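Some notes on the structure that comes next.
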């Protein structure tokens with residue numbers, strides 16, 4: 001896959017001076033003092049093997065019943081979004097997100113260029129939303145597609161719908177970049193939204209170049225998002241515990257079976273299932 | 001039969017009367033009016049799809065008086081003065097006008113005629129005499145440039161290509177000589193692409209080779225082409241997969257060569273074996289990991305799905321279902337809710353362990369089933385029968401590790417009455 005690295009880099013460099021002043025808001029932004037040199041330009045195309053960058057995300061929908069304000073065609077107000085799993089700012093990796101809604105919506109292709117990556121709409125129907133993540137050019141040229149089914153109606157249909165509790169469906173997933181480019185790695189090394197493993201010793205990364213963002217005054221993280229009270233918790237620890245106990249059980253069972261097999265082999269005569277009256 | 005005799009009914013009277021009744025109506029249906037039955041049968045026994053006489057024709061008006069006369073005629077296409085006779089359609093006493101209607105089909109090729117002067121100036125050739133060239137052109141005129149016939153009729157033995165070559169080079173030279181300027185004739189096909197003898201000879205040889213190829217040749221060629229295509233595709237795939245596993249590669253290649261060239265002698269040199277892997281998700285772990293690394297970006301869940309597919313590839317559908325049932329019984333989601341790297345790894349390991357456990361269970365069950373079937377083989381027999389005694393030494397031999405389950409089964413089956421088979425199976429079912 002060919003990467004046209006040099007052109008976007010130049011763009012970033014040109015707009016850097018304006019960035020410096022207001023970048024204090026975002027702690028993940030690294031300020032550079034020197035513009036990239038030629039040697040760095042050559043290096044940014046290099047890929048780092050045996051290092052995998054992981055971006056944990058959560059995507060889904062939250063739907064509120066409109067109650068008194070509900071009409072036939074607009075009974076619910078819902079929001080579809082992509083957020084960092086720890087509610088951190090994704091913009092170091094994600095350039096923009098495109099939400100493809102049902103064709104009955106006006107302009108069903110919603111392009112969101114800046115965080116929060118979400119679309120809010122009013123409607124009455126449930127359908128599958130296609131979410132496409134577009135990354136910065138040094139991250140990945142290809143887009144990544146996710147699919148999410150919008151749910152408006154709660155599972156248990158007991159009683160009338162309430163406007164207070166929304167229907168929340170979230171999915172956790174991790175976007176994996178198996179062989180990141182050096183520039184990408186350099187940029188997100190200390191980004192809280194990104195999981196970077198311990199880097200091999202002696203790895204010389206070029207000086208990172210932060211991505212230019214348009215809305216410097218707005219936050220990219222979703223920690224204080226209006227809907228954040230409804231965000232679900234995804235605990236790796238719980239899963240690991242459950243899995244560990246399951247594995248333990250399986251191992252015990254397997255062990256029992258192994259012992260039985262060994263017994264069979266040692267005895268030569270397989271033990272009878274039921275005591276038969278015709279034993280010798 | 002006897003009853004019918006007694007009753008006085010003829011035994012075949014009923015069915016035969018039906019036959020007789022059915023035949024006459026069919027016959028009368030078939031036979032059309034106007035033509036005899038046999039003639040109708042010649043057309044296939046069915047009425048024709050299209051009428052042979054258009055009803056419209058019969059309705060035409062007959063205003064004109066048409067007679068036919070036997071008259072002489074001449075043919076302008078003939079050089080001699082031959083008078084022949086034929087029937088002529090006379091309409092209202094008026095003869096038809098015009099030349100003999102087939103004269104217009106007498107077409108011929110315009111062969112160029114060179115003068116002796118032109119010959120001396122442009123057309124001399126060491127290989128050809130003037131007489132031969134003249135003869136060639138004469139034959140070309142007579143036989144309308146049908147070179148195969150001309151070659152046959154030519155006095156000295158010349159190949160078709162030689163004759164063609166001479167004819168076209170003469171023609172070319174004449175055209176160039178007679179042209180007012182070189183620009184005029186630049187578009188003449190012969191000037192643009194002159195006749196190339198060697199190429200023609202080669203082309204005809206190749207054609208005859210293709211025509212004379214035996215079936216075997218064709219088959220071999222096809223196989224080689226398929227092999228070449230497969231290798232080209234392998235090369236393309238291997239370009240994508242930069243990181244390769246040689247073990248997988250050698251196995252895959254061995255398979256490919258064995259399949260493609262069954263029992264053939266060493267095939268032509270274009271069948272090369274690229275020492276690179278074909279990353280396919282269902283083969284094994286290493287190649288799956290390699291193919292994942294080739295993607296620039298992927299979801300953790302996708303990676304897990306691929307790895308699960310690999311581990312499932314060794315098991316049958318029923319076993320996979322049992323694995324999934326076991327997972328559910330243990331309270332584990334088939335797709336983890338929080339698919340982090342660690343969780344996915346654990347999940348995969350759990351699946352593998354369940355698979356191992358189920359396979360172990362199966363093995364033990366088989367062995368136990370055989371064992372109890374041996375036991376049941378003693379059912380109904382006294383303990384002193386020699387059969388029992390032969391059983392025991394056999395089963396003692398099972399002390400060592402047995403590789404093939406099939407072997408054990410076979411031995412068991414050979415020594416037992418078949419009725420005993422059913423019992424161990426039933427026990428197995430109740431076990432589960």
Odd one out for residue B:184, checked against (1) modelled with pLDDT of 80 or more; (2) over 40 Å from the mean Cα position of the chain (by Cα)
(1)
Subset of segment B:270-311 [at pLDDT 90 or above and in a loop (DSSP other than H, G, I, E, B)]
B:297
Taking residue B:10 as meeting all but one of (1) part of a helix (DSSP H, G or I); (2) modelled with pLDDT under 75, write down the number of the exception.
(1)
Any residue in segment A:231-259 that is free of Cβ contacts under 8 Å to residues at least 40 places away in the same chain sitting within a Cβ distance under 6 Å of a residue that is outside any helix (DSSP H, G or I) and crowded, with 19+ Cβ neighbours inside 10 Å? List the pairs, counting only those 6 or more apart or interchain.
A:236/B:338; A:236/B:340; A:239/B:336; A:239/B:338; A:246/B:332
Return only the number of the condition from (1) free of Cβ contacts under 8 Å to residues at least 40 places away in the same chain; (2) over 13 Å from residue A:93 (Cα atoms) that residue A:225 does not satisfy.
(1)
Pairs needed: first member in segment B:39-58, without any contact (Cβ under 8 Å) to a residue 60 or more places away in the chain; second member anywhere, surrounded by 10 or more Cβ atoms within 10 Å (Cβ to Cβ) and outside any helix (DSSP H, G or I); C-beta distance under 6 Å; at least 6 residues apart or different chains.
B:40/B:32
Residue that is farthest from residue A:170 (Cα to Cα) [pool: residues in segment A:49-69 that are buried (at least 17 other Cβ atoms within 10 Å of the Cβ) and away from chain B (no Cβ under 14 Å)]:
A:65
Test each condition in (1) in contact (Cβ under 8 Å) with a residue 12 or more places away in the chain; (2) closer than 27 Å to residue B:205 by Cβ for residue B:192 and report the one that comes out false.
(1)
Tally time: how many residues in segment B:199-222 are farther than 30 Å from residue B:162 by Cα and in contact with a helix residue (DSSP H, G or I) (Cβ under 6 Å, 6 or more places away or on another chain)?
0
Is it true that some residue in segment B:81-100 is at pLDDT below 90, surrounded by 10 or more Cβ atoms within 10 Å (Cβ to Cβ) and in contact with a helix residue (DSSP H, G or I) (Cβ under 9 Å, 6 or more places away or on another chain)?
no
When the residues of segment B:101-115 are narrowed to those that are touching a residue at least 24 places away in the same chain (Cβ under 8 Å) and under 30 Å from residue B:179 (Cα atoms), which ends up surrounded by the most Cβ atoms within 10 Å (Cβ to Cβ)?
B:114
Of (1) at pLDDT 85 or above; (2) within 30 Å of residue B:289 (Cα to Cα), residue B:205 fails just (2)
Which one is nearest to residue A:55 (Cα to Cα), of the residues in segment B:312-363 that are in a loop (DSSP other than H, G, I, E, B) and at the interface with chain A (Cβ under 7 Å from one of its Cβ atoms)?
B:340
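Being in a loop (DSSP other than H, G, I, E, B) and either within 11 Å of chain B (Cβ to nearest Cβ) or within 22 Å of residue A:56 (Cβ to Cβ) (or both) is the filter here; which residues of segment A:138-159 pass it?
At the first step, the residues of segment A:138-159 found to be in a loop (DSSP other than H, G, I, E, B) are A:138-143, A:150-159.
Answer for segment A:138-159, where residues must be in a loop (DSSP other than H, G, I, E, B) and either within 11 Å of chain B (Cβ to nearest Cβ) or within 22 Å of residue A:56 (Cβ to Cβ) (or both): A:138, A:139, A:140, A:141, A:142, A:143.
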Answer yes if at least one residue in segment B:165-186 is part of a helix (DSSP H, G or I), out of contact with any strand residue (DSSP E or B) (no Cβ under 6 Å at 6 or more places or on another chain) and farther than 23 Å from residue B:121 by Cβ, and no otherwise.
no
Qualifying positions in segment A:224-265 - at the interface with chain B (Cβ under 10 Å from one of its Cβ atoms) and outside any helix (DSSP H, G or I)
A:232, A:233, A:234, A:235
Got a sec? Which of A:185, A:90 is in contact (Cβ under 8 Å) with a residue 24 or more places away in the chain, touching a strand residue (DSSP E or B) at 6+ places or on another chain (Cβ under 9 Å), more than 23 Å from residue B:301 (Cβ to Cβ) and surrounded by 16 or more Cβ atoms within 10 Å (Cβ to Cβ)?
A:185
Given the criteria more than 11 Å from chain B (Cβ to nearest Cβ), in a loop (DSSP other than H, G, I, E, B) and without any contact (Cβ under 8 Å) to a residue 24 or more places away in the chain, does residue A:210 qualify?
no
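Just one of B:160, B:185 is in contact with a helix residue (DSSP H, G or I) (Cβ under 9 Å, 6 or more places away or on another chain), under 14 Å from residue B:140 (Cβ atoms) and free of Cβ contacts under 8 Å to residues at least 40 places away in the same chain; which is it? Reasoning before the result, please.
Values: B:185 fails: under 14 Å from residue B:140 (Cβ atoms).
Of the residues listed, the single one that is in contact with a helix residue (DSSP H, G or I) (Cβ under 9 Å, 6 or more places away or on another chain), under 14 Å from residue B:140 (Cβ atoms) and free of Cβ contacts under 8 Å to residues at least 40 places away in the same chain is B:160.
The values are calculated or read from the model by the stated rules, or taken from the named source; none is laboratory data. Please read all numbers here as calculations on a predicted model, not as lab measurements. Glycine also receives a Cβ, built like all others from the backbone with ideal geometry; neighbour counts cover every protein chain displayed.
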